[in-house]
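A.B. asks: The structure that follows is given in the form of C-alpha cells.
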Ligand code: HEM
C-alpha cells in the first residue's frame, strides 16, 4: 500500500524560521546546477512522485491510468507540469530577498491547486520529500548536509505558505462539506 507520509523531513505544519543569509546563498548556488538540468531533473522528480505515490496521478487526466515509468516519462502533460514546477521554484529561489514576490507566487500556486485542480495539500508535502530525495541522488556533490538542510527549510516554508493559502480559501470547509 502507498505511504501517505512525505519521504523527507519536511513538515508543512511547523512554520520554519526565516532563511538566514547563508541559507539563501547556499540554496541559490546549488540551484544554479540543478536548473541547468531543469527538464531532466523536473521529469525525474515528477515520475518518482507518480510511481511511488500513485494516488497523486488522480488529478492528471492524461496519465492517471499509466503505470509504467517510461510511459509516464513521455507524457506531454507530465513534462509540462514538471517544467512549471521547476520554473516556479526558480522564481522563488531568485526572489528569496523579496518576500512580497514569494508570497504572490505561493498565493497563485495555492489558489489554483485548491480551487481549480482540487489537489489535497498533503501532496505538496509528499512532493517536497521527493524533491529532496531526487536532488540528493542526482547532485550528490552539491547536496552536502548543509545544503540539504537549507533546502529542507525552503521546502517546508513553501508547504507552509501553500497550506496557509488553502486555509484562506476555505479548503477545510470545502473538503469536510463534501465528505
Ligand atoms: C511546488 C509544487 C507545485 C508547483 C510550483 C505547481 C505549479 C503548477 C503550475 C504553474 C500549473 C499551471 C497553472 C495552473 O493551472 O494553475 C500547475 C498545474 C497543475 N498542477 Fe501543479 N504544481 C505543484 C504541485 C502539484 C502537485 C503536488 C499536484 C498533484 C499531485 C499538482 C497538480 C496539478 C494539476 C492537476 C495541474 C493542471 C495540469 C493540466 O491542466 O495539465 N501540482 N501546477
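The values are calculated or read from the model by the stated rules, or taken from the named source; none is laboratory data. This is a predicted model, so every value here is computed, not measured. Positions of Cβ are backbone-derived with ideal geometry, glycine not excepted, and every protein chain shown enters the neighbour counts.
A.B. asks: Within region 15-32, identify whether any single residue is exposed (fewer than 13 other Cβ atoms within 10 Å of the Cβ), at pLDDT 95 or above and either within 17 Å of the chain's Cα centre (by Cα) or over 22 Å from residue 157 (Cα atoms) (or both), and answer yes or no.
C.D. replies: no
A.B. asks: Same structure again: Report every pair of residues separated by at least 6 positions or lying on different chains whose Cβ atoms are under 6 Å apart, first residue within region 93-104 and farther than 13 Å from residue 23 by Cα, second exposed (fewer than 15 other Cβ atoms within 10 Å of the Cβ) and modelled with pLDDT of 95 or more.
C.D. replies: Between residues of region 93-104 that are farther than 13 Å from residue 23 by Cα and residues that are exposed (fewer than 15 other Cβ atoms within 10 Å of the Cβ) and modelled with pLDDT of 95 or more, the close pairs are 95/101.
A.B. asks: Hey, among 105, 93, which residue is near the ligand (Cβ under 9 Å from one of its atoms), touching a helix residue (DSSP H, G or I) at 6+ places or on another chain (Cβ under 6 Å) and closer than 19 Å to residue 35 by Cα?
C.D. replies: Exactly one of 105, 93 is near the ligand (Cβ under 9 Å from one of its atoms), touching a helix residue (DSSP H, G or I) at 6+ places or on another chain (Cβ under 6 Å) and closer than 19 Å to residue 35 by Cα, namely 105.
A.B. asks: What's the total number of residues in region 111-148 that are assigned to a helix (DSSP H, G or I) and either within 13 Å of the ligand (Cβ to nearest atom) or touching a residue at least 40 places away in the same chain (Cβ under 8 Å) (or both)?
C.D. replies: 23
A.B. asks: In region 59-80, is there at least one residue being within 22 Å of residue 144 (Cβ to Cβ), at pLDDT 95 or above and more than 15 Å from the chain's Cα centre (by Cα)?
C.D. replies: No, the conditions are met nowhere in region 59-80.
A.B. asks: Out of all the residues in region 70-87, which are exposed (fewer than 13 other Cβ atoms within 10 Å of the Cβ) and not in a helix (DSSP H, G or I)?
C.D. replies: Answer for region 70-87, where residues must be exposed (fewer than 13 other Cβ atoms within 10 Å of the Cβ) and not in a helix (DSSP H, G or I): there is none.
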